[in-house]
Every structure is written in structure tokens, then in C-alpha cells.
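Just below is one structure, and these are the notes that go with it.
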Amino acid sequence: MNESKEQFKNGDLQNTAAAIQGAFKDKNTLYYMEMGEVQRLQGPTQIPSSTQNLLAADQLVSRWEVTTSDRLRRSFSGASSYVLSEGFSSEYDPKPYEVSMLSQTLALNHISQGRWNDAMVEAKKMAQREKVIEELIQSQVAAVSQVEREQQNNPNTQGATSRIQNISGYPINLLDDEETRSLKNSYQNPGAYYLSGFIHESQGEASLAAPGYRLAIELRPQVNFFKTSIAKLDSNIANQSKKSFADTLIIIDTGYMPKIIPYQISQSFPISGNPKLITLTFPVIERSTERFRPTMIQLGDRVASPELVANIDAMARKNLRDEMPAYVLRASSRALVSLAAQYAADRAAQQAANRRNQNSQNNGNAALIGAIAGMITGYTLQAINVTDVRHWSTLPAQTYMTRMGLPIGPTVLKYTLPSGVTASQTVNLVGGYNVVYIRMFRNRATVLTSNDPAALPPKAPVPSAPTAVIPVAGNPMPAQATSVLPTTLESRPPEGAFAGFKKLWGGFQDPQAVEPAPVVPAAIQIVPVSNPNPDPSKSPASSNIEEAKPYEPPNLLNSFQQLFN
């Protein structure tokens with residue numbers, strides 16, 4: 001995905017979509033978000049396919065939400081294993097700001113397709129999920145504090161730390177800029193809140209629109225039209241039937257999310273009074289580049305003055321800053337445990353070699369045991385250097401908005417691109433509420449409007465993405481669906497070095513009878529519909545949908561096995 005950055009910045013969306021297809025072996029939440037975002041930016045005709053992929057991502061996020069809520073309700077006694085067992089997995093837990101952006105993006109797609117009621121559902125869902133995210137973050141902070149206290153009481157891990165400032169060489173300045181420090185948290189998006197208020201206002205729901213506007217003002221008080229909107233809310237709703245103009249919200253997305261990359265640091269840890277050097281790997285978010293503030297947006301003879309309403313770049317940095325204590329504690333604890341294990345294994349091997357009356361065969365066995373112990377520790381230290389740097393890379397870096405009253409009917413939209421070129425096209429505005437969305441690339445832009453006939457499939461509504469009934473622990477239930485998705489069987493992974501090592505170790509043991517391996521049914525993987533123009537004449541067949549794979553949170557064993565494989 002990082003290699004496709006230049007293509008995306010140039011607006012080469014077709015090749016970006018091809019890169020996404022090639023980058024993902026497993027069609028997880030991140031795949032659906034990336035593909036859905038790129039498809040919608042290809043234009044209104046791709047909105048149906050985009051909506052379907054984004055709804056597939058939304059289904060997986062709903063499953064993550066249920067799993068996370070269940071985990072938060074459990075006893076806190078498992079905090080230690082939770083913090084220390086996190087690792088890389090084919091599943092993808094969405095970052096807090098990505099959950100907010102998924103709801104916002106889906107809402108904009110629904111608006112393009114003229115489904116304002118569905119957009120209102122997304123606005124409500126965003127607020128509900130934020131409660132889960134807030135509880136999860138609080139639980140993680142408490143878990144890190146508890147585990148750090150436990151590690152300090154363990155002689156083998158007393159040097160463990162959760163402070164990134166204690167790791168020499170980490171570029172903390174990339175997480176400590178003024179914009180990042182100014183954020184209240186990493187998941188509340190002022191632009192998404194305002195869009196939520198605008199959607200509710202369009203549906204005449206003043207009691208639901210007001211909280212969205214107030215939260216947007218609380219998070220971004222310097223935006224002038226936020227305050228105007230809350231002041232005029234009641235009168236706007238009271239006079240909706242009398243409006244003789246197009247009440248238009250203009251949204252401009254610019255910039256690109258910076259890469260998150262693995263960053264290796266050599267750190268010294270004391271073991272039995274002797275310092276030992278070990279290489280750790282942490283995620284680092286690169287410096288922001290190619291920022292662009294839209295200066296010229298004109299509709300007809302009216303010039304817009306867009307204001308910065310959301311800095312998603314800063315939200316990503318805030319999220320990584322909040323996660324660093326767990327990253328640091330996990331890495332330092334594993335390093336100390338591994339070094340202690342290596343030290344103990346070396347001592348045991350040395351003592352065995354020095355025993356009296358040992359023959360040459362015993363000496364050879366002691367040397368072999370020492371070599372195996374060193375190999376185990378070496379692989380364990382490599383596992384420490386596995387860090388998950390995945391993120392929703394096709395999101396914009398900043399969002400600008402403004403709101404205007406414009407004449408009803410065709411209107412010429414003009415805007416200046418980052419390259420300095422001025423582009424124009426005609427947009428059609430209807431009476432009542434409108435949204436004009438602009439995504440700017442280096443030398444081109446994608447423009448999407450609300451109620452666009454080109455975004456609707458002919459004769460029938462867009463088939464929705466599969467909606468799974470989330471299985472509850474101890475009571476699994478089959479997934480439901482409303483669209484036909486092809487299925488593929490997952491191939492069995494090849495036997496890796498981990499299994500080979502177990503065979504090597506078994507060579508030193510007494511032979512045992514080999515039991516036949518149990519027959520396990522192959523898992524079914526849901527694959528998204530890639531046809532940009534789905535045939536609406538085909539009726540949905542929910543019976544063709546297989547059950548979604550159960551969610552498995554990442555753990556250290558998975559990371560360890562993936563390392564050997």
C-alpha cells in the first residue's frame with residue numbers, strides 16, 4: 001500500500017485499486033475500507049460498489065464492537081495477558097479515528113445516492129461506537145498501569161517501561177507537535193459531528209441536529225459557521241417548506257495520510273548486572289507533507305471561504321501517541337524475559353558441560369541444548385521486532401467545510417488545485433439541502449454531489465452488503481446477507497519452521513504413537529463484489545452467504561507462529 005502512494009496522490013485511482021487487490025491476501029476490514037474509498041473517488045457511477053464494500057467493512061466493525069464490548073465486561077484480572085499478548089494478525093482492529101471516518105464516508109455515499117435516512121442512521125451509529133471506543137481506551141490505560149506495576153515487582157522484568165521517552169532515539173517530536181497536543185482525543189471528528197447535525201437538520205430533527213453542532217463547536221470553536229448553524233437551527237427547520245434556495249454544505253478533502261513505518265532502535269537492558277543490547281521495533285508516523293489549503297472555491301458568482309474543520313493527520317498522530325505506552329511496555333517486557341531466559345539457558349548448559357565424569361556424548365548433548373536454547377531466544381527476540389503498521393492509507397489529511405445559500409439548478413463550480421490549475425464543472429443543486437464533496441489530488445479532483453442520478457443503479461436500489469448476526473459466545477449463529485457474494489475456500493497453510501522445530505525436538509524424546517489429525521472443515525472467506533456496475537435486476541439471495549469467520553483477537557502465539565512460517 002505504501003508503494004501505491006504516488007499513484008494515489010496523482011489521482012491514478014484505477015492503478016491504486018489494482019494495488020489494493022494485490023496487497024491484501026485476506027479480505028479484512030482494512031481491505032474493504034481502502035477499496036470502498038478508492039471506488040467512491042472514481043466517480044458517481046462507482047458509488048454503488050463503494051457503498052457495498054464500505055458496508056462490508058461496517059459489518060466487520062460491528063463485530064469488532066460486540067467483541068470489544070464483551071471483553072470490557074469481563075474481569076480485569078486478565079489485563080496482563082491482554083497487554084502482553086497483542087501481536088500481528090490477519091484480522092484488523094480499526095483505529096478510533098478510522099471508525100469515525102467510516103461512518104462519515106458511508107453517510108456521504110448515502111447522500112450521493114439520495115438516501116438521507118440511511119445517512120442519518122450512520123450519524124447515530126457513529127455516536128454509539130464512540131462510547132465503546134472511549135471505554136476501550138480507558139481500559140487500555142488502566143491495563144498498562146497494572147501490568148507495569150506487576151513487571152516492576154518481577155526481578156526479571158524490573159527494567160520494563162511504558163514511557164517512550166525512556167527509549168533512546170525514538171522521534172517523539174513527530175507525536176508532539178502543537179496540532180496533536182491540541183486534540184482532546186483521537187476519535188472525535190468535528191467535521192463528522194457537523195455533517196451529522198446537517199443530516200439531522202435536513203430531516204427536520206432539531207433535537208438530534210443540535211448535539212452534533214454543539215460537539216463540533218466544542219472541538220473546533222474557531223470555525224465561524226459552526227456557531228451560525230446552531231443559532232439558526234430552529235428557524236431553518238421551521239421554514240424548510242418555504243426555502244427558495246439550495247442550502248449547500250461544501251466539503252473539501254485535501255492532503256494524504258503519512259506513512260506509518262517500522263522503526264528499529266537498539267536499546268540496552270541490564271541482565272544480572274550486565275547490560276545487554278537488543279534491537280526493538282516501534283511504529284513511527286512520518287512527517288506530514290503536501291498539505292494544501294483550498295483558497296478558491298466558487299459556485300456561480302459566489303465565492304466560498306472554506307475553514308479547516310478536521311485534521312485527520314493529527315488524529316492519527318494522537319492515536320499513535322496514546323498507543324505508545326502499550327507498545328513500549330510490551331517490547332521492553334518481552335526483551336527482558338527473553339534475555340533472562342537466554343541467560344538461564346546459557347548457565348544451565350555451562351553447568352552441564354562442567355559436571356564431573358561426563359563423557360563426550362554428554363558434552364555434545366549439553367552443547368546442543370545450549371545451541372537450541374540460544375536459537376529459541378533468538379527467534380523470540382525477532383518476534384519482539386514484529387510491529388503492525390497497517391492503517392487506512394487512502395484517507396485525506398485535512399477536511400475543510402463551508403455552508404452557503406445558492407440558487408436552485410445547474411451551477412458552475414470552480415476550484416484551484418494544489419498544482420495551481422483552476423478547474424470547473426457544473427453541479428446541479430436542488431431545493432432544500434445539498435452536499436457538494438470535493439476530493440483534491442495534485443492535478444485533478446473528484447466531485448460528488450447529493451442526490452446524483454449517476455450514483456443510482458437503474459430500476460432498483462443498491463443491494464446492501466452482507467449483514468451478519470454477530471455470534472455470541474457459546475451461542476453461534478449463522479450470518480445473514482442480502483447480496484450474492486462469491487466464496488472461496490481457504491487453502492491450508494504450508495508447514496512452517498515452527499512445526500519443523502517441534503519435530504527436531506521430538507527427535508530427542510522417546511518415540512510416541514502418532515495420532516491421526518482431526519478433519520477440520522475448510523473456512524469460508526467472504527470476497528467482495530468487484531463488479532463496478534452490479535446488475536440490479538438480480539434479486540438478492542441471502543441463502544448463498546456463508547457464515548463469517550469468528551473474530552480472533554491477535555496474540556503473541558500467532559505472531560510467533562507467523563514468524564516461523
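The values are calculated or read from the model by the stated rules, or taken from the named source; none is laboratory data. As the structure is a computational prediction, the values presented were derived from the model and not from experiment. Don't worry about glycine lacking a Cβ; one is built from the backbone with ideal geometry, like all the others, and counts go over all protein chains shown. For the accessible areas, the whole protein counts, side chains as well, though only heavy atoms, and no ligand, DNA or RNA atoms are used. Shrake-Rupley method; radii C 1.70, N 1.55, O 1.52, S 1.80 Å.
Please express the Cα-Cα pair-distance distribution P(r) of the range 158-313 as a list of whole percents, one per 10 Å bin, running from 0 to the bin with the greatest distance.
The percentages, shortest bin first, are 9, 26, 25, 16, 12, 8, 3, 1, 0.
For the range 100-147, evaluate the Debye formula with one uniform point scatterer on each Cα (no solvent term) and list log10 I(q)/I(0) at q = 0.15, 0.27, 0.33 Å⁻¹, rounded to two decimals.
Treating every Cα as an identical point scatterer, log10 I(q)/I(0) equals -0.49, -0.87, -1.06.
Just read off the accessible area of Glu6 with the full protein assembly in place, 1.4 Å probe, to the nearest 10 Å².
It works out to around 90 Å².
So how far apart, in nm, are the two label points at Lys232 and Ile265 if each is 7 Å from Cα heading toward Cβ?
The two pseudo-label positions are separated by 5.0 nm.
Where does each of 408-420, 179-191 land if you order them by average Cβ count within 10 Å, highest first?
179-191, 408-420
Rounded to two decimal places and with Rh computed the Kirkwood way over Cα pairs, what is Rg over Rh for the range 231-328?
1.29
Using 0.36 nm per residue of separation minus the Cα-Cα distance, give me the extension gain between Val386 and Ser145 in nm, one decimal.
Taking Val386 through Ser145 to full extension adds about 84.5 nm, to one decimal.
Using 25 Å as the Cα-Cα cut-off, could you pick out the over-long pairs in Lys5/Lys27; Lys9/Lys125; Lys27/Lys131?
Those over the limit are Lys9/Lys125; Lys27/Lys131.
In Å, what Rg and Dmax follow from the Cα atoms of the range 105-184?
For the range 105-184, the Cα-based Rg and Dmax read 20.5, 63 Å.
At 1.4 Å probe size, with the rest of the protein present, what percent of the exposed accessible area of the range 205-340 is carbon and sulfur atoms?
Summing carbon and sulfur atoms, their accessible area is 50 percent of the total for the range 205-340.
For Glu134, Glu323, Glu3, give the ranking by accessible area with the largest first, probe 1.4 Å.
These residues rank, largest area first, as Glu3, Glu134, Glu323.
Counting only residues 5 or more places away or on other chains, whose amide H sits under 5 Å from the amide H of Leu395 once H atoms are built in the peptide plane?
Here the answer is Met257, since their amide H atoms fall under 5 Å of that of Leu395.
Averaging over all projection directions, find the projected area of the Cα convex hull of the range 265-317 and quote it in nm² with one decimal place.
5.9
Label-point separation (nm) for Asp26 and Ser62, each offset 7 Å from Cα along Cα-to-Cβ?
My value for the distance between the label points is 2.2 nm.
So which of Lys95/Lys232; Lys124/Lys184; Lys184/Lys227 end up more than 25 Å apart, counting from Cα to Cα?
Lys95/Lys232, as the Cα separations exceed 25 Å there.
Given a 1.4 angstrom probe, what's the average accessible area per residue across the range 83-224, in square angstrom?
Accessible area per residue, the range 83-224: 40 Å².
To the nearest whole percent, what portion of all C-alpha pairs in the range 168-210 is separated by more than 17 angstrom?
On the way: 490 of 903 pairs.
Percentage above 17 Å: 54.
From the backbone phi of the range 310-318, what are the Karplus-calculated ³J(HN,Hα) couplings (6.51 cos²θ - 1.76 cosθ + 1.60, θ = phi - 60°) in whole Hz, Gly and Pro given as x?
For the range 310-318, the Karplus-derived couplings read 8, 10, 5, 4, 5, 5, 5, 5, 4 Hz, x marking Gly and Pro.
Based on the Cβ-Cβ distance from Met296 to Lys131, what FRET efficiency comes out when R0 is 30 Å, to the nearest 0.05?
E between Met296 and Lys131, to the nearest 0.05, is 0.15.
Return the sequence-ordered ³J(HN,Hα) values of the range 232-244 in whole Hz as given by the Karplus equation 6.51 cos²θ - 1.76 cosθ + 1.60 applied to θ = phi - 60°, using x for Gly and Pro.
Working through the residues one at a time gives 9, 4, 4, 5, 4, 5, 5, 10, 4, 5, 9, 5, 10 Hz.
When the solvent-accessible surface of protein heavy atoms is calculated with a 1.4 angstrom probe, in what order do Trp116, Trp392 fall, highest first?
Highest to lowest solvent-accessible surface, that is Trp116, Trp392.
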